[in-house]
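Have a look at the structure below, then the notes.
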Amino acid sequence: AYTPMFHAGLFSSADHPRYCQEAFDTSPDSLEGVAPFDRPLIVQFCANDKDKWLAAAEKVVGRCDAVDLNLGCPQGIARKGNYGAFLMDEWELIGNMSS
């Protein structure tokens, strides 16, 4: 299963704890992503910044089987934020995020 697309910048930011809790609760008492309930599970993030994407991914370590960089969202919010499908022409950025 895939999660909905989460915004890596908001998810990883200490300034937005409520976003993280509502999107994918990683608190010790939460069952989100805990085996065997939600497994196999891929957590999907939109991002255009390697450090924020990595920080978001680190928050779900142990609660998923993989992390996905969304490159398919065609919505206007993705255009405005420069992520999702709107990164498809930015091969250098995508390459840097995966290395």
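Things to note:
- Dipole moment magnitude, nearest 20 debye, the chain about Cα centre, only Lys, Arg, Asp, Glu C-beta charged: 120 debye
- Whole-Hz couplings from phi, Karplus 6.51/-1.76/1.60, listed for the range 84-97; x for Gly and Pro: x, 4, 7, 9, 4, 9, 9, 4, 5, 4, 4, x, 5, 6
- 222 nm mean residue ellipticity, helices alone, for the chain (DSSP H n ≥ 4; -39,500 (n - 2.57); rounded to 500): -9000 deg cm²/dmol
- Charge-dipole axis of the chain as Lys and Arg at +1 and Asp and Glu at -1 on Cβ define it, positive-most pick from 13, 56, 72: 72
- Hull-based mean projected area of the chain, where the convex hull spans the alpha carbons, in square nanometres: 6.3 nm²
- Remark: the residue 75-residue 26 segment gains 14.9 nm on full extension, using 0.36 nm per residue and subtracting the alpha carbon distance.
- Straight-distance crosslink candidates among lysines, where the alpha carbon sits under 24 Å from residue 80 and sequence neighbours closer than 8 are dropped: 50, 52
- Anisotropy class of the range 1-54 from Cα gyration tensor, a/c 1.5 cut: oblate
- With contacts taken as Cα pairs under 8 Å at a separation of at least 6 residues, the chain carries a relative contact order of 27 percent.
- Each other residue within a Cβ distance under 13 Å of residue 34 adds +1 if Lys or Arg and -1 if Asp or Glu, for a net charge of -3.
- Accessible area of the chain belonging to carbon and sulfur atoms, whole % at 1.4 Å probe: 55 percent
- Phi angles across the range 56-62 convert, under the Karplus curve 6.51 cos²θ - 1.76 cosθ + 1.60 with θ = phi - 60°, into 3J(HN,Hα) values of 5, 4, 5, 6, 10, 4, x Hz, Gly and Pro given as x.
- Note on exposure: 6, 86 ranked by accessible area (1.4 Å probe, complete protein assembly) read 86, 6, with the most exposed listed first.
- In range of the label at residue 50: residues from the range 59-99 whose backbone nitrogen is under 13 Å from the point 7 Å along Cα→Cβ: 92-99
The values are calculated or read from the model by the stated rules, or taken from the named source; none is laboratory data. Just so it is clear, the structure is predicted and the values come from calculations on it, not from any experiment. So basically every Cβ, Gly included, is an ideal-geometry build from the backbone, and we count neighbours across all protein chains shown. What goes into the accessible areas is simple: the full protein's heavy atoms, side chains included, and nothing from ligands, DNA or RNA. Shrake-Rupley method; radii C 1.70, N 1.55, O 1.52, S 1.80 Å.
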